[in-house]
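What follows draws every value from the coordinates through simple rules; no lab data is involved. Everything numeric in this text was worked out from a predicted model, so none of it was measured. Glycine gets a Cβ as well: all are built from the backbone with ideal geometry, and neighbour counts include every protein chain shown.
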Number of protein chains: 2
Amino acid sequence: MPTNGARPKLRDHRSVGVVKRQIAHIDQPLPLRSGATLESFTLAYETYGSLNAERSNAILICHALSGDAHVAGYYTDDPDERPGWWDEAVGPGKMFDTNRFFIICSNVIGGCQGSTGPSSPAPDGKPYGSRFPLVTIEDMVRAQTHLIDLLGIERLFAVAGGSMGAMQALQWSVDYPARVRTVLFLAATPRSSTQNIAFNEIGRQAIYADPRWNGGDYYDGEAPVGGLAVARMIGHITYMSEHSLETKFARRLQNHTELPYQLVKPEYQVESYLQYQGEKFVQRFDANSYLVITKALDYFDISEGHPSLQAALEPAQASFLIVSFSSDWLYTAEQGLDLATALEGLNRDVKYHLIHADFGHDSFLVEVELMTNLVGGYLDTMWTQYQSERDAQVRRTQGG
Amino acid sequence: MPTNGARPKLRDHRSVGVVKRQIAHIDQPLPLRSGATLESFTLAYETYGSLNAERSNAILICHALSGDAHVAGYYTDDPDERPGWWDEAVGPGKMFDTNRFFIICSNVIGGCQGSTGPSSPAPDGKPYGSRFPLVTIEDMVRAQTHLIDLLGIERLFAVAGGSMGAMQALQWSVDYPARVRTVLFLAATPRSSTQNIAFNEIGRQAIYADPRWNGGDYYDGEAPVGGLAVARMIGHITYMSEHSLETKFARRLQNHTELPYQLVKPEYQVESYLQYQGEKFVQRFDANSYLVITKALDYFDISEGHPSLQAALEPAQASFLIVSFSSDWLYTAEQGLDLATALEGLNRDVKYHLIHADFGHDSFLVEVELMTNLVGGYLDTMWTQYQSERDAQVRRTQGG
């Protein structure tokens, strides 16, 4: 997914400002779907806005494959620092309005941005490396429940996310139905398709093929950055539509007026762009985390073990906003619609929107204005509805 | 592209039978688009059927990225040998009917199946390796004209191909309009798109990232088979549709009833399939040839240097059959239609067919029955038309 564009020199007055990454040490075992257990674990998280007295205004944002807990704001006063990955969406008056809501985001289990993952120290003090167990979306969500407990929140007003973040949101609604009022499910699928698995597997193969990977134990030597860069490029191309690639680069040459007929060095702008994406990614991401998280994506099929998708969703009680993007060929409109149809079959409160957007899967990060109206408006409505229900409840209680 | 399925134990009575790869040594310089020159070169080729006395029944089939000159038949009597890559389409009574036509196919310049490429000896006797110049579709076609000259053929009845083979056929019609009566342009594009370039570039990056590649000079050591396997997997997934992947593999596990939660070894069938495709490919293909040929694909834009596609096609005089496949997302129906529209704008004789097929880009190899009716029928019609024109010509000459 793209990072945000260059930050305006004058900081957006609607920024959440300077924020701090926090760490929750959970000294309880986390049993995993695979049968393995993490004896204790750490979650890195950030929060924006304030939790109200009733503890009813919390929204958990779940991040995608390459994301982290740093959704919004800045760590320093450095004017060249880029803000968090969804800064345009989170802040006072924004899509996720921090004047009203208390926003939480934590780095997933298996990640490499402060939560326990393959690069973290195992109980013996050395990095887990190849010893880190594979995890599922279910496991990521179970880990998050400990953080929500720590924050003293019984019920989340919403769980929201795009891509893998949406998978976590859906999993929350099925596994912890009493703890989620609303699910915002953006640009995602209730079931990774064969093609989804295939693309992820090729990325993993690129990492395995890098001799520096060394079966996952490379933390005392060189990291497999060559393989990880290729994996990132493969992922990246699935986030963009054919149309957005044409619009952005067409067949334009990179720093040449005539084809140089050369290997390795980029000839076309799109080649330079992909190489840059690869190089940038390896500076901030761990190859083993990429393996673990893509596996979690592939394992995701909310209907697994159930006769149908509808049967699998039976426990879910939340209201759902499901948004697909017309040019998203990674997680298609059809996949989003499958989820909406199954929830409608259960008479759940569900709204499905197909947004006509040209940027492929990345649209959920790029089309902020459209999303602000749609998602922000939906949150408004749901919040008003929640408040009047609560007021009626209070009146009934007082009257009784 | 897939190889054919297991061969029936009793050989197809319509097989061209046991065939022989032939070698043409061309002792003339081949000037290349890049400005470099091959001082002499070799083309490996095969032929099936017989050239008629008038030398008017020759069809040149051009192969795709991973193909070679061995289109049909067998090299030995070994009952386990697989036939050529388009055996179902070439033989007595088949789509390309060897009872009527003389079929020629040669391995492209830059390839690794007998024609001059990076693994061939340079004039100094050592493999070219990194010294091999990059080539274009135009260069491949220019090399083929020498072979057609050697065979004593003035004018080809048809030039045919799928994918990169179709690009060569189109290039023939523009560069040598007097030498081509008919073009069969299947599952291809007149211009590689940004997304086409991007996928090829990622495959190349996987090869560059393999330390064994060594800048292209690896012929006295280990080949970069790890990188090449990943490149092949990336290519392979673009040849299949999401639907064909779902139909073939869905989310079925490989040799397990429950998820083993493991890295490296395949968990899902589609992973095993991709790994197999990679392993099989590196046994028969050279990594440098993969680089050179994907570059040729990326360079392909028949309209380059012209104000429009239509202007670029002005020289072409052939009749065209253009076939796209509905589920082909590598070379889309829209791209085929662009070519058809431009040719119609020039009042050329052009037929465009969109075949509704589920197998993605590979459909042109898989949907043999449909193709036999369409392509075989078209060749029938064109042949009959050619013969009556020729008879009329003879009558006019005799009458005059």
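Below, the figures for the structure above:
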item	result
Segment residue B:82-residue B:14, length gained on full extension (0.36 nm per residue, minus Cα span)	23.0 nm
10 °C / 1.306 mPa s Stokes-Einstein diffusion coefficient of region A:136-258, Kirkwood radius on C-alpha pairs, µm²/s	89 µm²/s
Centre separation in Å (Cα based) which lies between region A:64-99 and region A:282-326	24 Å
Taking B:218, B:386, B:48 and counting other C-beta atoms within 10 Å, the order from fewest to most	B:386, B:218, B:48
Shielding by partners - mean other protein chain Cβ count within 10 Å, residues of A:236-245	3
Residue exposure sequence - B:59, A:234, B:148 - by fewest surrounding Cβ within 10 Å	B:148, B:59, A:234
Taking chain A and dividing mean pair separation by its residue count, relative contact order in percent (alpha carbons under 8 Å, at least six apart)	16 percent
Two-site FRET efficiency, residue A:131 against residue A:396, from Cβ-Cβ distance with R₀ of 56 Å, rounded to 0.05	0.55
Region A:360-376 - phi-based ³J(HN,Hα) in whole Hz, Karplus 6.51/-1.76/1.60, Gly and Pro as x	x, 4, 4, 3, 5, 8, 8, 7, 5, 5, 4, 5, 4, 4, 6, 6, x
Inter-label distance for residue B:150 and residue B:308, nm, one decimal - labels placed 7 Å from Cα along Cα-to-Cβ	4.1 nm
Shielding by partners - mean other protein chain Cβ count within 10 Å, residues of B:31-38	1
Percent of C-alpha pairs per 20 Å bin, the protein assembly as shown, short to long	15, 44, 29, 11, 2, 0
Amide H contacts of residue A:23 (H built 1.01 Å from N, under 5 Å, at least 5 apart or other chain)	A:45
For a label point 7 Å along the Cα-to-beta-carbon line of residue A:55, residues of region A:357-400 with backbone N under 18 Å	none
Residue exposure sequence - B:258, B:304, A:46 - by fewest surrounding Cβ within 10 Å	B:258, B:304, A:46
Region B:219-231 - phi-based ³J(HN,Hα) in whole Hz, Karplus 6.51/-1.76/1.60, Gly and Pro as x	6, 9, x, 7, 7, x, 5, x, x, 5, 4, 5, 4
Three-way shape label, region B:31-177, alpha-carbon gyration tensor, a/c 1.5	oblate
Other copies of residue A:99: label-to-label distances in nm, shortest first, labels 7 Å along the beta-carbon direction	8.3
Inter-copy separations for residue B:258, label at 7 Å along Cα-Cβ, nm, ascending	6.6
Whether region B:299-400 is rounded, prolate or oblate, judged on the alpha carbon gyration tensor where a/c under 1.5 counts as rounded	oblate
Top of B:192, B:244, B:326 by mean-square fluctuation, Gaussian network on chain B, Cα under 10 Å	B:244
Straight-distance crosslink candidates among lysines, where the alpha carbon sits under 22 Å from residue B:351 and sequence neighbours closer than 8 are dropped	B:94
FRET efficiency, residue B:99 to residue B:317 (Cβ-Cβ, R0 30 Å, nearest 0.05)	0.60
Nearest-first distances (nm) between copies at residue A:37, label 7 Å from Cα via Cβ	7.7
Isotropically averaged projected area of region B:192-323, using the convex hull of Cα atoms (one quarter of hull area), nm²	11.8 nm²
Residue mean of other protein chain beta carbons inside 10 Å, B:272-281	2
C-alpha long axis of helix B:164-175 to longest principal axis of chain B, angle in °	30 degrees
Euclidean distance between Cα centres, region A:337-371 to region B:37-57, Å	56 Å
Ratio of the Cα radius of gyration of region B:89-137 to 2.2 N^0.38 Å, where N counts its residues	1.68
Cα point-scatterer Debye curve for chain A, base-10 log of I(q)/I(0) at q = 0.11 Å⁻¹	-0.81
Share antiparallel - DSSP beta bridges, the protein assembly as shown, percent rounded to 5	35 percent
Interchain or long-range residues, amide H under 5 Å from residue B:253's placed H	B:269
Residue A:283 paired with residue A:381, simple spin-label distance in nm, labels 7 Å along Cα-to-beta-carbon	4.3 nm
Whole-Hz ³J(HN,Hα) from phi, Karplus 6.51 cos²θ - 1.76 cosθ + 1.60, for region A:182-190, glycine and proline x	9, 10, 10, 10, 10, 6, 8, 9, x
For residue A:182, residues with placed amide H under 5 Å, excluding near neighbours	A:158, A:159, A:319
